[in-house]
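The values are calculated or read from the model by the stated rules, or taken from the named source; none is laboratory data. Everything numeric in this text was worked out from a predicted model, so none of it was measured. With ideal geometry, Cβ positions are generated from the backbone for all residues, glycine too; neighbour counts draw on all protein chains shown. The area values use the complete protein model at the heavy-atom level, side chains included, leaving out ligands, DNA and RNA. Shrake-Rupley method; radii C 1.70, N 1.55, O 1.52, S 1.80 Å.
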Protein chains: 4
Amino acid sequence: MNNVNVGNVTASAKKNIEINSDMGEAFGLHSFGNDQALMEIIDVANVACGFHAGDPDTMEETVAAAKAHGVRIGAHPGLPDLTGFGRREMKLTPAEVESIILYQTGALVGFLKKAGLELNHIKPHGSLYGMLSRDPELMRSAAKVAALYGVPMFGLAGTAHESVCAEMGVPFVGELYVDLNYNPAGQLIIQRRPEATDPAKAAERVRRVLDDGLVETSDGSTVSIDFTSICVHSDAANSPAVAQAVRSALGGR
Amino acid sequence: MNNVNVGNVTASAKKNIEINSDMGEAFGLHSFGNDQALMEIIDVANVACGFHAGDPDTMEETVAAAKAHGVRIGAHPGLPDLTGFGRREMKLTPAEVESIILYQTGALVGFLKKAGLELNHIKPHGSLYGMLSRDPELMRSAAKVAALYGVPMFGLAGTAHESVCAEMGVPFVGELYVDLNYNPAGQLIIQRRPEATDPAKAAERVRRVLDDGLVETSDGSTVSIDFTSICVHSDAANSPAVAQAVRSALGGR
Amino acid sequence: MNNVNVGNVTASAKKNIEINSDMGEAFGLHSFGNDQALMEIIDVANVACGFHAGDPDTMEETVAAAKAHGVRIGAHPGLPDLTGFGRREMKLTPAEVESIILYQTGALVGFLKKAGLELNHIKPHGSLYGMLSRDPELMRSAAKVAALYGVPMFGLAGTAHESVCAEMGVPFVGELYVDLNYNPAGQLIIQRRPEATDPAKAAERVRRVLDDGLVETSDGSTVSIDFTSICVHSDAANSPAVAQAVRSALGGR
Amino acid sequence: MNNVNVGNVTASAKKNIEINSDMGEAFGLHSFGNDQALMEIIDVANVACGFHAGDPDTMEETVAAAKAHGVRIGAHPGLPDLTGFGRREMKLTPAEVESIILYQTGALVGFLKKAGLELNHIKPHGSLYGMLSRDPELMRSAAKVAALYGVPMFGLAGTAHESVCAEMGVPFVGELYVDLNYNPAGQLIIQRRPEATDPAKAAERVRRVLDDGLVETSDGSTVSIDFTSICVHSDAANSPAVAQAVRSALGGR
């Protein structure tokens, strides 16, 4: 992991750190998350594209809501598994990974075109995100789509997310998670149904990592995390409070 | 129906009439149609976009095959009904019609972008095609997507397909069908599983309509059909022979 | 409509009137409705079977919850349209209607078998319910499945629901709706996203119909409704309060 | 592997060996396999139940066709992945495995009930079959459903298929495959799109295994295979010829 020295984060550095959130994960009449409240707080929305959640009407509404709030929009493609919300790993070939990401990204770009907006980035969802962090060959499939659109990939520094982007000349945005635990190796522990996060703890994680670059792991040890964007999930009922706490820790806006 | 006088079709007019076919309607391991043989004959492919058929890998392969044959590519969006192959009418709102067409067209444009190609047109599939021919409000939803991409809509002259395009300034390409029957009102009789077509009869229909502008209907009467593109479906086992017969009737290539 | 004289409903008649509710309409991580609170109040659950909502795990959990509360369980099969929640009409053949109801009912009976329970009834969902009320041929398809399992159909008295059951010797249970409006012809006005219902008005509708057999319609006129079961939808946030108000109007339990 | 001594197979033993085939793997208008021809030859049909293939109408038709040919019917439940035809492994929990097998088996039992038939067995499909052969915990989930219906599981002797059935008292039917390769450890090598099989080689495999109990593996070594049912896949164009060759090797019928 190429860790930058973040021991002395200046106010301007803090301001460059963005908050992103997965948005548009409703499906038809089945609502999901706290999009409306979060749109007021976040900088960047990762918009679901129909495979794990997010039907076409929801995509249209989510793009319109993000535009109204000045929130930049990236694609959030997932595994083709509505029942499992894209959180059940599937064995896909590299060609399949590329084609499902290209299909979903293309679909979102259609809605962006209608709204007069440009694609900001690509951030794979759920188990696909995890698969790509561990498998450079699959990650190359995703990075090809990002290269095609000329946008960065969001991901985890120190994993195949970052190394493949570097190898292929694709811009990379490292993420910090405030509502998932890290294992001692610095990998995210993904749960099918995430637990609620204490906003104060989320803010404390942000303050510490800005101060000394370290995040506490599941066994009490620490790991250094390199990032320029902080992800707040929308699942939990209190996610807007978590996002607001993170915003405050970043110096407000 | 603004019928042009086609009584004296010149060789050059014949050459301007194109053959289009619905392509890429496989789904995973479930193959469909006769794409490989038809790509040798047709001018324009309407590529399925995932809702009634056509998974992402099939879309990728179909775009590549069309490119290799110099066949131009349009979007062929359908109703969200894999089981019914988009041939079962569904009551959708105008907003839903627009968003499912925009979603599917955007997805296809992703694969075209990868192949370095431009979108040629939009031709709705199956029952969606029929719904739009009868309902101007739904047709406006489709035409908005065509206007967004600056491409023509394919459809039936003398129906809402044509009148809405005229009203909205969207270019329109009228189609002749050689493997479906017309009722006395000039409307297509759509079947869930089309019967095989005699290539000689298909060629005869083309020759007659080029000669006097008329097509025989299901009750033996005739109706005048205005078109610049001829659709040959890929379902039937002998569809390549039908397409070849049409090509010969158009003066070969 | 064979209206029984309900002008002098006795306490015992009141007690025979049941409350039913559509349950298990979650889909994976996408929750729906207020199942937990409603299970405390209702007599009969119509359990979603996977086509409009209700994945296999949700079905398993819903059957277990109903069993724990002594709530009887019927199948609630819907149109194959997750995005539209089965609330978008589709043109299906009688054979298709029978096979989708048989498939879904069979699947539910699998979970009932595991729980050691018997199927109580079949109540089609959403637009399928409406289609069957208007089309005797489609209704015959549904009634065949009820006959196969030897259970009653739930539906609207005075429509094809009732007449086809009578014709085929299938027991019929007429329903009263307290959270949907009736038009002057006595038909339900179905909305994609129902509005909240005032519990006091729901109770008032029940008291009046028990008193004089009449329900007020959308234009202020009245219509007589024959029923032995009252449906309370689970969508609205206050649906448990509505169910409780209906329970009280029935004399509590 | 509890290998029976098959060195001196008598004519009567040969006659007890059955041929099974996966049937009903069409999906709507997308046909699949060679069901019609195979129904003439096989003893047992594993009927797809909607998740990897096999819509409700196809299930109905397949059950009717098997009944007409006196072919016994088992459930062939698959992973919820139409695009991948259930041949892409998915990480499911034991509870999910049980509920998807119970759901699909229940649905098939509905069609059997209509046809007046009993369920013969359960044979999981594709990657689910492979997952269960390697993971006893997942296999227990499947065996619970077989126990509930009082039917045997089909599977591979010497794997968790067999050991879990033994542990749970569920009858087990070992299978021989004539159109897939075995690796030196006796495991099947599953391909997304199987290659065509030479009928003569399939017959030769059957004759040899009946003679000395051994099957040649991918590296030329041999492995002993214990079975009472032979599976012939329906995918390949020549699958009826393969099935007929196997039938002849078994002494005809």
Of the residues that make up the range A:173-189, is at least one among the β-branched types (Val, Ile, Thr), modelled with pLDDT under 95 and over 21 Å from A:Gly24 (Cβ atoms)?
yes
Subset of the range D:99-129 that is part of a loop (DSSP other than H, G, I, E, B) and not charged (D, E, K, R) - its residue that is nearest to D:Gly54 (Cα to Cα)
D:His125
How many of the residues making up the range B:25-44 are among the small types (Gly, Ala, Ser), assigned to a loop (DSSP other than H, G, I, E, B) and open to solvent by 30 Å² or more (accessible area, probe 1.4 Å)?
2
Among the residues of the range C:63-84, what is the count of those that are closer than 21 Å to D:Ile101 by Cβ and open to solvent by less than 10 Å² (accessible area, probe 1.4 Å)?
4
Kindly indicate which of C:Gly86, C:Gly78 is under 18 Å from the mean Cα position of the chain (by Cα), on the phi > 0 side of the Ramachandran plot and in a loop (DSSP other than H, G, I, E, B).
C:Gly86
Quick one: which residue in C:Ala249, C:Ala166, C:Ala245, C:Ala203 is farther than 20 Å from C:Gly126 by Cβ, among the hydrophobic types (A, V, I, L, M, F, W, C) and free of Cβ contacts under 8 Å to residues at least 24 places away in the same chain?
C:Ala166
Can you pull out the residues in the range C:172-182 that are under 15 Å from the mean Cα position of the chain (by Cα) and buried (at least 20 other Cβ atoms within 10 Å of the Cβ)?
C:Phe172, C:Val173, C:Gly174, C:Glu175, C:Leu176, C:Tyr177, C:Val178, C:Asp179
Among the numbered criteria (1) modelled with pLDDT of 95 or more; (2) under 24 Å from A:Asp81 (Cα atoms); (3) part of a loop (DSSP other than H, G, I, E, B), which one does A:Arg192 miss?
(1)
Residues in the range B:45-52: is at least one surrounded by fewer than 21 Cβ atoms within 10 Å (Cβ to Cβ), away from chain A (no Cβ under 13 Å) and closer than 28 Å to D:Gly50 by Cβ?
no
If a residue must be open to solvent by less than 50 Å² (accessible area, probe 1.4 Å), away from chain B (no Cβ under 14 Å) and not in a loop (DSSP other than H, G, I, E, B), how many such residues does the range A:137-171 contain?
10
In the range A:223-241, what residues are over 12 Å from the mean Cα position of the chain (by Cα), in a strand (DSSP E or B) and hydrophobic (A, V, I, L, M, F, W, C)?
A:Val223
Could you list all residues from the range C:172-189 that are within 25 Å of C:Ala236 (Cβ to Cβ) and outside any loop (DSSP other than H, G, I, E, B)?
C:Val173, C:Gly174, C:Glu175, C:Leu176, C:Tyr177, C:Asn181, C:Tyr182, C:Leu188, C:Ile189
Of a type in the set (Gly, Ala, Ser), surrounded by fewer than 24 Cβ atoms within 10 Å (Cβ to Cβ) and more than 18 Å from the chain's Cα centre (by Cα) - does that describe any residue in the range B:122-136?
no
Would you check if B:Val109 is within 14 Å of chain A (Cβ to nearest Cβ), of a type outside the set (Gly, Ala, Ser) and under 26 Å from B:Ile19 (Cβ atoms)?
yes
I need every pair where a residue in the range C:217-234 that is farther than 21 Å from C:Met39 by Cα and open to solvent by less than 20 Å² (accessible area, probe 1.4 Å) has its Cβ under 6 Å from the Cβ of a residue that is assigned to a loop (DSSP other than H, G, I, E, B) and of a type outside the set (S, T, N, Q), sequence separation at least 6 or different chains.
C:Thr217/C:Pro184; C:Val223/C:Gly186
D:Leu132 vs (1) without any contact (Cβ under 8 Å) to a residue 40 or more places away in the chain; (2) in contact with a Leu (Cβ under 6 Å, 6 or more places away or on another chain); (3) closer than 25 Å to D:Ile17 by Cα; (4) within 14 Å of chain C (Cβ to nearest Cβ): all pass except (4)
Out of (1) more than 26 Å from B:Phe85 (Cβ to Cβ); (2) at pLDDT below 95; (3) open to solvent by 20 Å² or more (accessible area, probe 1.4 Å), what's the single condition that is false for B:Gly213?
(3)
Under 8 Å between Cβ atoms, which residue pairs at least 6 apart in sequence (or on different chains) link something in the range A:104-117 that is in contact (Cβ under 8 Å) with a residue 40 or more places away in the chain with a partner that is open to solvent by 10 Å² or more (accessible area, probe 1.4 Å) and among the acidic types (Asp, Glu)?
A:Phe111/A:Glu60; A:Leu112/A:Glu118; A:Lys114/A:Glu60
Check on A:Glu96, acidic (Asp, Glu), open to solvent by 40 Å² or more (accessible area, probe 1.4 Å) and assigned to a helix (DSSP H, G or I)
no
If we scan the range A:1-9, do we find a residue that is at pLDDT 95 or above and in contact with a strand residue (DSSP E or B) (Cβ under 9 Å, 6 or more places away or on another chain)?
no
Within the range D:82-106, track down each residue that is more than 7 Å from every other protein chain (Cβ to nearest Cβ) and either under 20 Å from D:Phe154 (Cβ atoms) or not hydroxyl-bearing (Ser, Thr, Tyr) (or both).
D:Gly86, D:Arg87, D:Pro94, D:Val97, D:Glu98, D:Ile101, D:Gln104
